[in-house]
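Report on the following structure.
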Ligand SMILES: [Zn+2]
């Protein structure tokens, strides 16, 4: 039976409570974790899986939607403990996940750091250091827009670039569900471009999600704001 299971991982960042929701796809042959949270989150993932009666030992793949620390932070811990898991990322994002190229988020944060007012510099530096601490992992498999994967009766990889250049989403054909990583978010009940301040190319982000002749009938979103 095909299952799409949303994990709930609650955590505190300073005094702020937050939550992330990695997704698990499960069919007869495969169990795929989509994104894996921050650095140091392995035990939190294991716990969240257990709550849903799942076990990391049964994971066959981890698909990383994009290079950000809150999506691939725990990847190296996961791969070290469960080395048989196949890591999948898009061809464009792969050099950043593998560490061949410097994280674009770190480039952005370092550039911003130079213009931050004095009283925000410590926070900015702490953020840069969090990004520097992300351990790279070489993906085992690279995918690109239009690739079909056999999971859960058939999934299509859809490039949703903009937030990062190689961000991908996954469309589950049978369930008619699209898992969008950081490409889209719900705002007051409407789908919008997620976190515009973290979107490296907002025009591209909107173009890759808005309905148009060239977008293969994928679900359309309203631009942010
Ligand atoms: Zn992101």
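The values are calculated or read from the model by the stated rules, or taken from the named source; none is laboratory data. Quick caveat: nothing in here was measured; it's all calculated off a predicted structure. For neighbour counting, all protein chains shown are included, and Cβ atoms are generated from backbone atoms with ideal geometry for every residue, glycine included.
Here are some notes:
- In this structure, residue 169 does not qualify as within 16 Å of the ligand (Cβ to nearest atom) and farther than 18 Å from residue 23 by Cβ.
- Of the residues examined, residue 131 is not one that is surrounded by 12 or more Cβ atoms within 10 Å (Cβ to Cβ), within 13 Å of the ligand (Cβ to nearest atom), more than 25 Å from residue 9 (Cα to Cα) and under 17 Å from the mean Cα position of the chain (by Cα).
- Filter pass, residue 32 being touching a residue at least 24 places away in the same chain (Cβ under 8 Å), more than 16 Å from the ligand (Cβ to nearest atom), part of a helix (DSSP H, G or I) and within 15 Å of the chain's Cα centre (by Cα): no
- Put simply, of 42, 84 the only residue that is surrounded by fewer than 12 Cβ atoms within 10 Å (Cβ to Cβ) and either without any contact (Cβ under 8 Å) to a residue 40 or more places away in the chain or on the phi > 0 side of the Ramachandran plot (or both) is 84.
- Residues that are surrounded by 12 or more Cβ atoms within 10 Å (Cβ to Cβ), in contact (Cβ under 8 Å) with a residue 60 or more places away in the chain and either closer than 23 Å to residue 130 by Cβ or under 19 Å from the mean Cα position of the chain (by Cα) (or both) occur at least once in the stretch 2-11.
- Residue in the stretch 177-189 that is at pLDDT below 90, surrounded by fewer than 17 Cβ atoms within 10 Å (Cβ to Cβ), within 16 Å of the ligand (Cβ to nearest atom) and on the phi > 0 side of the Ramachandran plot present: no
- If you go through the stretch 62-71 and keep only what is in contact (Cβ under 8 Å) with a residue 60 or more places away in the chain and either over 19 Å from residue 47 (Cβ atoms) or in contact with a strand residue (DSSP E or B) (Cβ under 6 Å, 6 or more places away or on another chain) (or both), you end up with 63, 64, 65, 66, 67, 68, 69.
- Per-region count, the stretch 38-64, residues in contact with a helix residue (DSSP H, G or I) (Cβ under 6 Å, 6 or more places away or on another chain) and within 15 Å of the ligand (Cβ to nearest atom): 2
- The set of residues in the stretch 95-127 that are within 16 Å of the ligand (Cβ to nearest atom), touching a residue at least 12 places away in the same chain (Cβ under 8 Å) and assigned to a helix (DSSP H, G or I) comprises 96, 97, 104, 105, 106, 108, 109, 112, 127.
- Selection within the stretch 80-94 - out of contact with any strand residue (DSSP E or B) (no Cβ under 6 Å at 6 or more places or on another chain) and not in a loop (DSSP other than H, G, I, E, B): 80, 81, 89
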